[in-house]
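What follows is a single structure, written as structure tokens, with notes after it.
Values in this text are rule-based calculations from the coordinates and carry no lab data. What you see is a predicted model; the values in this text were computed from it and never measured. So basically every Cβ, Gly included, is an ideal-geometry build from the backbone, and we count neighbours across all protein chains shown.
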Amino acid sequence: MADERKVDANSKDEQLELFRVDDKGTKLTTNQGLKVSEDEFSLKAGIRGPTLMEDFHFREKVTHFDHERIPERVVHARGFAAHGYFQVYESMKEYTRAKFLHDPGTTTPVFVRFSTVVGSRGSADTVRDVRGFATKFYTEEGNYDLVANNMPVFFIQDAIKFPDFVHAIKPEPDNEIPQASSAHDTLWDFVANNQESAHMIMWLMSDRAIPRSYRMMEGFGVHAFRFVNEEGKAHFVKFHWKPKLGVHSLVWDEAQKIAGDDPDYNRRDLWDNIEKGNYPEFELGVQIIGEDDEFMFDFDILDATKLWPEEDVPVQIIGKMVLNQNVDNAFTEIEQVAFHPGHVVPGIDFTNDPLLQGRLFSYIDTQLIRLGGPNFHELPINRAVVPVHNNQRDGYGRQTINIGKVSYHRNSLAGNTPAPTSPAEGGYAHYQEKVEGRVVQARSESFADHFSQATLFWNSMSPPEKQHIINAFSFELGKVKSKSVRQQVVNMFANVNMELATTFAENIGAIPPESGGSNVTKSSPALSQENTPKKPDTRTVAVIITNGFNDADVNYVLETLKSVGIQPEIVSEKLGKVVGAGGMELEVDYTFLTADSVLFDAVYMVRGSRVNKKFNKQAAYFIDEAFNHYKPIGATHEGKEWLIVNDFAGKPGVVMSDDMGVFVTEFIDAIAAHRHWGRQVV
Ligand code: HDE
């Protein structure tokens, strides 16, 4: 459950407070502060005459409106964010100078933006896609950005291919179709012709691409970074975020329906749970490899299409992040926040991963156009909590009023300040890696194996997860029009696993591969969501109910569910109240019109003594869909009778009993298990 602790020294919040304005109860003014007397009628020459140019309030209002939009992010356009704090569990001083990783008593304010990658700003949340997981730590040594994704590898090995990849996955340029989807010809043509994408495509076709909640996703820094300690000793490091609630996903049919029912599903879930005090928590983990062990692995640790199997390089949990505050304004905070993997603090450094190196260029560059110039660091959400002093000056929208004549280094007029700080006193010093070699445009041979880890991923999946991957390939390629591309993809994935390629080949009318297969037999249990923590906390339950229910029993069930952190919502025919046989009233949250079962994690079917035919029909649709999505279904009283008549009794995850104590215990267990894959769903 939520950790109630508040941030000790939330200096970021204090800083933002300086910029917050509450317009409620104030007088309307122009941007110049002039009080406005008329805001409905523009100034006209005669009551039916033309509008006059001298109406400055009209012009200012419309001009500002005309310029309200800024370019959306070229990728990760759709996102949502929240404030919180981070705390390290034990000092990491042995490995890194980064001060925010030293003192367990220090809380560092953070701002985290979750996103989809492909869709535009208005696209649906539940599409099949990678999710961004970008964290800005406002540390006492300056801002540190951990710009991560919810998958540990990437589609390409070298940043020079990023525009090609993005052009291929975005809507096709002639008709701008499809929105927020990888299920089209150009993406799969790219995949087949850039086989380094194989491993990431396995992740994209897996359940990881349709997370149940931003609160239930892992985050991965993807690249190998470097930790550098006080003595200058370096280690390779990969960053992980582990959600306290475990890693959970939707099923594909459900995800598609939610995209229509509630396109804001993931953002609403984050917002609502923070409002309710169910603060999302993530633990920060690190995998550390000594410099001497760089070449100990059967893959190149600098290759971003490879993960470091957790069984070989354990994830050390080093701290915790809690998101406990919603934004006040989506534009000024979420849209204007600017992340950059190059925003580091002393003790965190880069490696020669060619994907990372390219990112170091791209992020500042994109903010220049998106946020309108080089002063985006002055926007409230991007400001460091420590003072900023340098000789950078001017530019669009500059806000700092730098005093004095000196804006250059070296100088004598200002005593040669602002002065650099020596590394010993906390100045950033780049790691002195020895580099030598010829200038070449090529890729290291050690990056050449594109399939072993794709097979490792496949081998690690549980049977339902494997089936979902086959279904995803069948869906995506089923939407690809080019037969040649479909066949190329089948042939490519024969290198990963023959059963996989053969099964989806049959579903998409392609020729099953004649040869292929992999000799990789290794698996990594950490990759399967089957092994993730499963808890009932914050799960939602639709309570299907109408008048005449058993007051005491229903009240007992609802209160017990709430006591373990489950969130029941009342669903009935009409908004208003439903009344129990003994007069107890329950406020209806949703009707069958405003909600479908896809919006809930489980269903509790109560019915009531006063059901009618229409109620039964709508409830039946609800239950049927929940059953097909493998969700827990509980039933008591008239609900139980209905489930028995309709042949749901005894099926996995279907809980019913006349003893309310037994019922609620078993129902909570079924909810904690999340999905009941043992069902035969046709
Ligand atoms: Fe990004 N990426 N990226 N990316 N990325 C952007 O920056 C880029 C990559 C990631 O919520 C852009 O401000 C290149 C990997 C996240 O604001 C842009 C390459 C990972 C976000 C950009 C990559 C990411 C972005 C677009 C290949 C996981 C959203 C808008 C070398 C580790 C941040 C912006 C937010 C955003 C470039 C690959 C994560 C264009 C060139 C790998 C979470 O600069």
Rounded to whole Hz and in sequence order, give me ³J(HN,Hα) for the stretch 174-188 from the Karplus expression 6.51 cos²θ - 1.76 cosθ + 1.60, θ = phi - 60°, writing x for Gly and Pro. 6, 10, 6, 10, x, 7, 6, 8, 9, 7, 7, 4, 5, 4, 6
Distance between Cα centroids, the stretch 638-682 to the stretch 373-410: provide it in whole Å. 62
Each residue of the stretch 496-512 in order: what ³J(HN,Hα) in whole Hz does its phi give by Karplus 6.51 cos²θ - 1.76 cosθ + 1.60, θ = phi - 60°, with x for Gly and Pro? 8, 6, 5, 4, 4, 5, 5, 5, 6, 4, 4, 5, 10, x, 9, 7, x
What are the residues whose amide H is under 5 Å from the amide H of E172, where those residues sit 5 or more places off or on another chain and H is modelled from the backbone? I177
Taking R0 as 25 Å and r as the Cβ-Cβ distance between L43 and D22, the FRET efficiency 1/(1 + (r/R0)^6), rounded to the nearest 0.05, comes to 0.25
For the stretch 234-287, run through the trypsin sites (Lys or Arg not before Pro) and keep only the ones in DSSP coil with at most 11 other Cβ atoms within 10 Å of their Cβ. K276
So for F80, F58, fewest C-beta neighbours within 10 Å to most, what's the order? F58, F80
Report the full-extension gain for the segment S462 to E283: residue separation times 0.36 nm, less the Cα-Cα distance, to one decimal in nm. 62.0 nm
Mind checking which aspartates and glutamates have their Cα closer than 14 Å to the Cα of K93? Skip sequence neighbours fewer than 8 apart in that chain. D103, E230, E231
Read phi for every residue in the stretch 600-611 and hand back ³J(HN,Hα) as whole Hz from Karplus 6.51 cos²θ - 1.76 cosθ + 1.60, θ = phi - 60°, with x for Gly and Pro. 10, 8, 7, 10, 10, 9, 9, 6, x, 7, 9, 8
The pairs in K161/K434; K233/K466; K170/K233 lying past 32 Å Cα-Cα in this model are K233/K466; K170/K233
Spin-label point model (7 Å from Cα, Cβ direction): what's the L368 to E94 distance in nm? 4.4
Calculate the FRET efficiency for A414 and V36 from the Cβ-Cβ distance with a Förster distance of 45 Å, rounded to the nearest 0.05. 0.50
Dipole axis of the chain (+1 Lys, Arg; -1 Asp, Glu on Cβ), positive-most option in G25, Y85, F361: G25
In percent, how large is the relative contact order of the stretch 451-530, given Cα pairs closer than 8 Å and 6 or more residues apart? 42
Grab the other residues whose beta carbon is less than 14 angstrom from that of Q287, score K and R as +1, D and E as -1, and report the net. -3
Given pairs K535/K640; K257/K481; K244/K577; K61/K574; K479/K535; K242/K522 and cut-off 32 Å on Cα-Cα distance, the over-length ones are K244/K577; K61/K574; K479/K535
Check each of the trypsin sites (Lys or Arg not before Pro) in the stretch 445-498 and keep only those in coil by DSSP with at most 10 other C-beta atoms within 10 angstrom; list them in order. K481
Is any residue of the stretch 546-560 close enough, with backbone N under 15 Å, to a label point placed 7 angstrom from the Cα of E641 along the Cα-Cβ axis, and if so, which? 546-550
What whole-number distance in Å separates the alpha-carbon centres of the stretch 471-511 and the stretch 84-157? 35
Can you list the residues, at least 5 places off or on another chain, whose amide H is less than 5 Å from the amide H of A148, using H built in the peptide plane? F133, A134, T135
Two-decimal ratio, the stretch 79-382, of alpha-carbon radius of gyration to 2.2 N^0.38 Å: 0.97
Would you mind ranking Y396, Y89 by Cβ crowding within 10 Å, fewest neighbours first? Y396, Y89
Could you work out the helix-only [θ] at 222 nm for the chain, with each DSSP H run of four or more residues adding -39,500 (n - 2.57) and the total divided by the number of residues, to the nearest 500 deg cm²/dmol? -8000 deg cm²/dmol
Which FRET efficiency value, to the nearest 0.05, do you get for F295 and Q441 by plugging their Cβ-Cβ distance into 1/(1 + (r/R0)^6) with R0 = 22 Å? 0.40
Please compute the contact order of the stretch 535-673 in relative form: average sequence separation of alpha-carbon pairs under 8 Å and at least six residues apart, divided by the residue count, as a percent. 27
Fewest first, what order do T186, T96, T521 take by the number of other Cβ atoms within 10 Å? T521, T186, T96
Rounded Å value of the spacing that divides the Cα centres of the stretch 194-221 and the stretch 601-625: 35
Mean 1/r over distinct Cα pairs of the stretch 451-530, inverted to a Kirkwood Rh in Å, yields 12.7
So for the chain, averaging the separation of alpha carbon pairs under 8 Å that are six or more residues apart and normalising by length, what relative contact order in percent results? 12
